[in-house]
Amino acid sequence: MALNQAHWNGGVLIHSGEWIILYCDGVEMSLDGSEVAFKGKKKGRIYLTSHRVIFINKDTKDALQSFGMPFTNLGSVDIDQPMFGANAIKGNVKSLPGGNWNGTATFRFSFSSGGAIEFGQAMLQAAKMASRNPPPPYQPPQQNTNIYQAPPPSYMAAQSNLGAFQASRDKFPSAPPPQDVWITEQPPPYASIYPQMSQAAPAAGGYYAAPPQQPGYPPAGYAGYSQQGYPPTVGYPAGSTPAGAVYPPTTGYPTGPGYPAGAYPQANYGNGAPAGYAGAPPAYPGKQ
């Protein structure tokens with residue numbers, strides 16, 4: 001389990017090849033352990049991914065900003081249904097090397113708006129499946145790895161083929177805000193619900209397929225990204241147009257009195273006269 005290693009810019013930070021299965025806002029977490037950061041109740045968002053459970057604190061001033069729990073580090077997980085109060089998920093978690101804390105702790109997630117039973121059942125099933133798959137050699141989170149805003153979709157489709165894994169989406173219809181999902185190029189150092197996540201995720205309708213290859217995005221070869229539609233292929237400055245794109249954009253020009261109609265440049269601007277012109281385009285009114 002890792003303390004304060006699963007958040008970025010107020011959102012959740014996941015690994016390349018890791019994908020989000022369930023997401024719920026309005027969850028309260030309490031921890032019982034020796035760390036000062038564990039003190040007090042925390043309110044925020046909870047994510048069930050292919051490799052772990054992640055809690056993101058909404059209080060940006062709290063000492064605990066994020067709490068990640070790999071499935072193989074969980075124990076005695078149970079669903080608590082008290083006579084009074086909200087249903088909750090409780091259990092034990094043990095630390096990992098380089099996880100910013102040491103020892104064991106007990107956790108409790110209370111779902112004030114419902115969903116504890118469904119989330120808990122999915123969590124138990126994921127932990128059982130992950131226990132059958134040996135984890136990769138553990139590597140603590142890298143400090144200098146690149147981090148990117150995850151391209152959509154950031155939530156696995158409800159109708160995705162998850163094989164033996166079943167997760168009810170009825171209680172969790174809302175997807176995480178796209179601007180709150182970040183991804184690191186480091187692969188997950190934890191066991192997952194599938195033996196080979198890099199191959200299983202695309203078949204599952206999964207999180208992402210292949211990384212985009214434009215500047216500002218991670219290079220090709222990292223599992224866990226969607227290439228379709230990212231980044232846009234129109235509107236780029238001359239000389240940096242991606243293959244197959246059109247520059248300048250063919251829409252969005254002003255129309256009306258004083259503007260030429262139907263004669264705007266269509267392609268290859270700056271490499272000769274645009275289609276329909278014998279020479280350079282005419283000057284706009286007042287721009288002689």
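The values are calculated or read from the model by the stated rules, or taken from the named source; none is laboratory data. A quick note: this is a predicted structure, and the numbers were derived from the prediction, not measured. Ideal geometry is used to build each Cβ from the backbone, glycine not excepted, and the neighbour counts take in all protein chains shown.
For this structure, a couple of remarks:
- Those residues of the stretch 90-105 which are touching a Lys or Arg at 6+ places or on another chain (Cβ under 7 Å) and either within 13 Å of S30 (Cα to Cα) or in a loop (DSSP other than H, G, I, E, B) (or both), in sequence order: K90
- Close Cβ contacts (under 8 Å, 6 or more residues apart or on different chains) running from residues in the stretch 123-146 that are more than 27 Å from F109 (Cβ to Cβ) to residues that are of a type outside the set (A, V, I, L, M) and outside any loop (DSSP other than H, G, I, E, B) comprise Q142/T184; T145/T184; N146/T184.
- V53, sole failed condition from (1) in contact (Cβ under 8 Å) with a residue 40 or more places away in the chain; (2) assigned to a loop (DSSP other than H, G, I, E, B): (2)
- Failed item in (1) charged (D, E, K, R); (2) at pLDDT below 95; (3) over 30 Å from P136 (Cβ atoms), with E18 passing the rest: (3)
- In the set (1) within 20 Å of W101 (Cα to Cα); (2) at pLDDT 95 or above; (3) not aliphatic (A, V, I, L, M), S34 fails one condition alone, (2).
- The stretch 22-41: number of residues that are out of contact with any Leu (no Cβ under 6 Å at 6 or more places or on another chain) and either crowded, with 17+ Cβ neighbours inside 10 Å or among the polar types (S, T, N, Q) (or both): 9
- Test: residue in the stretch 21-37 that is touching a Phe, Trp or Tyr at 6+ places or on another chain (Cβ under 8 Å), assigned to a helix (DSSP H, G or I) and either in contact (Cβ under 8 Å) with a residue 60 or more places away in the chain or of a type outside the set (A, V, I, L, M) (or both): yes
- The stretch 68-97 - residue that is without any contact (Cβ under 8 Å) to a residue 12 or more places away in the chain and not aromatic (F, W, Y) and, of those, farthest from F55 (Cα to Cα): M83
- Each residue in the stretch 170-199 was checked for being assigned to a loop (DSSP other than H, G, I, E, B), surrounded by 19 or more Cβ atoms within 10 Å (Cβ to Cβ) and modelled with pLDDT under 85, and 1 pass.
- Enumeration of residues in the stretch 47-60 that are farther than 20 Å from R132 by Cα and modelled with pLDDT of 95 or more: Y47, I54, F55, I56, N57, K58, D59
- Some residue of the stretch 55-70 being on the phi > 0 side of the Ramachandran plot and of a type in the set (S, T, N, Q): no
- Residue selected from the stretch 1-21 under the condition of a type in the set (A, V, I, L, M, F, W, C) and touching an Asp or Glu at 6+ places or on another chain (Cβ under 8 Å), by the criterion surrounded by the fewest Cβ atoms within 10 Å (Cβ to Cβ): L3
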